[in-house]
Amino acid sequence: MGNYILRRLLLLIPTLLGILLLIFVIAYVIPADPARAWAGPKARPEQVELLRQRYHLNDPLYLQVYYYLKNLLHGDLGISATTKRPVLDDLKHFFPATVELTIVAFTLSILMGVPLGILSAVKRNSLVDHISRVLALLGVSTPLFWLGLLVQFIFYFKLGWLPAGGRCEVDLQRITGFVILDSLLTHNMPALVDALKRLVLPSFTLAFYSMGYLVRITRGSMLEALQSEYVVTARAKGLPQRVVIYRHALKNALIPPLTVMGIRLGWLLAGTVLLETIFAWPGMGRYAAGSIVQVDLPAVVGYTLISALVMVFSNFFVDILYSLIDPRIRLGEKAR
Amino acid sequence: MRFSPLTKYRLLKKRLKPSLKEMGLTFYVLRKNASAVLGAFIVASFIFLALFGPYIAPYDPYETDIIHRFEPPSPSHPLGTDKLGRDVLSRLLHGARYSAKAGIVVLAISVPVGVILGGIAGLFGGWIDEIIMRITDIFLAFPGLILAMAFSAALGPSLENAMLALTLVWWPLYTRLVRGQALSVRESAYVEAARSRGASKLYIVFKHILPNCLTPILVTFTLDMGAVILSCASLSFLGFGAQPPLPEWGRMVSDGRIYLFQAWWVSMFPGLAIALVVLGFNLLGDGIRDALDPKLRRITEVG
């Protein structure tokens, strides 16, 4: 097992280097005038010149790569054109909000998507199956930003059940930055209630979108498992339906949904960009998207780097988890 | 020997007969599938609107009419008017072509690039394969929309740049798909037979590998058409894509957002249009997959 983890960790190195290089290309090579792009459209010429010197933009490209990596290792991701503060500080500040939203949505989508997919496969062609397939299809087809506006319109404006946006309006001491945790730690009930209320709309919207894929994948792999030989054998042995489905089929059927969950997490992160903008959620996505007139390249680039890192490491953990469940993977090399 | 045109036609018909029969069968299965028919109908209407939308639009999509701003849906403005009094329906009809253009341009570039690279990687193997696949992995390590956002931020916000950004993000999916197919076909007995017969690599690619990749590519292509339209609209919604006053659907949703509670129709109808079109491509894509591969019948998931 330790060997397997070590091998996976070593495989991360070239990927991480590649990610850093691609980010470099985006930040330094693609823009016609990197300094201007980094400073934002409203910067004065002196500021642009300052940036040009600070980031060695007049030097040859290989030196720029060197300085870029050096800066990165010192945690220097540039200055945000919107907030005028170091991007890394900003990202640290906004990170917990995004993580909170993503984790809640992720959990919700699993809680809704996996059982629905299983039920849909077990009761194939029943009403439940049809409903969950329609839901899944709507989930993958509906633009997230539109769905966000729709639920905001219905549940906030028409029905008045839930707040339109924001994260927590009650005063709360910041300890970890995670509102739910902080309010629990400080025994601040009003803050917790407010935070949960505000979490409902964005997290369910995001979960609905991710649920669609999970239902489709779970249903597909469950159907496949139910038609496999070991299930036929189990049935032939006269095992009760319940045991066949949950003990034999389900265990194998859960592997494909599990593998895509790491990737799904990345999709959820991308989804938060849209939803944070709509629900005024003070997270990294809204920060990166910036105000519409002022495209904030350092913020976008820093955010892209962080989200790639999150995705790489979540895939790594999924791989480890995956090998814990399925010994075949640990022993042989995983088929790509 | 010389054949008369009629004989030539008969010979050709005979040679094509198996594939025609196969195509007929596919269409038959597709026609039997109600949701696929619905999908095809939506897609066909979308294509029609993209081509002829501007000619059936009742108003000029850019013509402002401040007196009649934020008018709710009525017989004279079936989908209402926006903050500048522009007719939402007319803007919607004009906007169809921007989404269609995005879908077509992005896939027309990224699919061939991805297919060629994947084919090369799968066919040659070794270090070429290693290099291509590592680059692919790096692109796939990013959440697609976020990477596209970064590219469009670096390129500068415009619809063309958003399309370019999406193209840069999209090709790796096809590279991986085709490489996987190529690898499995390469090991097959019929390729082995062709090789031992002394067939060239090019012959094997065109005769065996590409035809085998066509089914998954076609299915992915149809599903991706919806996905590209959705992503492009998302970029425009965030402000990285189409700029005002262009009546691009994602941009229209974003422009109407601030007035949601005052005039819901301004942002709701364009969003509904996107949802419908994407749904259409998804239904059609699922249907094609089932029709082309009845064995699978929705068992495998296409992500």
Seminar exercise, completed: Taking the range A:126-139 and keeping only residues that are within 11 Å of chain B (Cβ to nearest Cβ) and either part of a loop (DSSP other than H, G, I, E, B) or open to solvent by 10 Å² or more (accessible area, probe 1.4 Å) (or both), one is left with A:H130, A:R133, A:V134, A:L137, A:L138
For this session: Find the residue count for the range A:162-202, including only residues that are under 20 Å from B:I258 (Cα atoms), touching a helix residue (DSSP H, G or I) at 6+ places or on another chain (Cβ under 7 Å) and either assigned to a helix (DSSP H, G or I) or of a type in the set (F, W, Y) (or both).
Result: 2
Problem set entry | Failed condition for A:F95, given (1) in the same structural domain as A:T304 (by TED's automatic domain parsing); (2) open to solvent by less than 20 Å² (accessible area, probe 1.4 Å) | (2)
Problem set entry | Unmet requirement for B:A199, which otherwise passes all of (1) more than 30 Å from B:L279 (Cα to Cα); (2) under 24 Å from the mean Cα position of the chain (by Cα) | (2)
Problem set entry | Selection within the range A:5-50 - at the interface with chain B (Cβ under 9 Å from one of its Cβ atoms) and assigned to a loop (DSSP other than H, G, I, E, B) | A:I30, A:P31, A:A32
Exercise. What pairs can you find where one residue is in the range A:3-23 and closer than 17 Å to A:L73 by Cβ, the other is open to solvent by 60 Å² or more (accessible area, probe 1.4 Å) and of a type in the set (K, R), and their Cβ atoms are less than 9 Å apart, with a gap of 6+ or different chains?
Worked result: A:G18/B:R134
For this session: Scan the range B:49-70 for residues that are open to solvent by less than 80 Å² (accessible area, probe 1.4 Å) and of a type in the set (S, T, Y) and jot them down.
Result: B:T64
Exercise. Of A:L214, A:L223, A:L269, A:L275, which residue is modelled with pLDDT of 85 or more and within 23 Å of A:P86 (Cβ to Cβ)?
Worked result: A:L269
Exercise. What pairs come up if the first residue lies in the range A:142-153 and is more than 7 Å from chain B (Cβ to nearest Cβ), the second is surrounded by 24 or more Cβ atoms within 10 Å (Cβ to Cβ) and not in a helix (DSSP H, G or I), and their beta carbons are under 7 Å apart, counting only those six or more places apart or on different chains?
Worked result: A:G148/A:F279
Exercise. Restricting the first residue to the range A:235-258 and requiring it to be open to solvent by less than 70 Å² (accessible area, probe 1.4 Å), which pairs with a second residue that is among the basic types (K, R) and in a helix (DSSP H, G or I) meet a Cβ separation below 6 Å and a spacing of at least six or different chains?
Worked result: A:V244/A:R235
Exercise. Within the range B:75-109, which residues are surrounded by fewer than 20 Cβ atoms within 10 Å (Cβ to Cβ), of a type in the set (G, A, S) and either closer than 29 Å to B:W171 by Cα or modelled with pLDDT of 85 or more (or both)?
Worked result: B:A100, B:A108
Seminar exercise, completed: Taking the range B:123-180 and the residues there that are of a type in the set (F, W, Y) and more than 7 Å from chain A (Cβ to nearest Cβ), the one that is most open to solvent (accessible area, probe 1.4 Å) would be B:W127
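The values are calculated or read from the model by the stated rules, or taken from the named source; none is laboratory data. Since the model is a prediction, treat every value here as computed from it, not as a measurement. Heads up, the Cβs are rebuilt from the backbone with ideal geometry, glycines too, and the neighbour counts pull from every protein chain shown. For accessibility, only protein heavy atoms count, side chains too; no ligands or nucleic acids. Shrake-Rupley method; radii C 1.70, N 1.55, O 1.52, S 1.80 Å.
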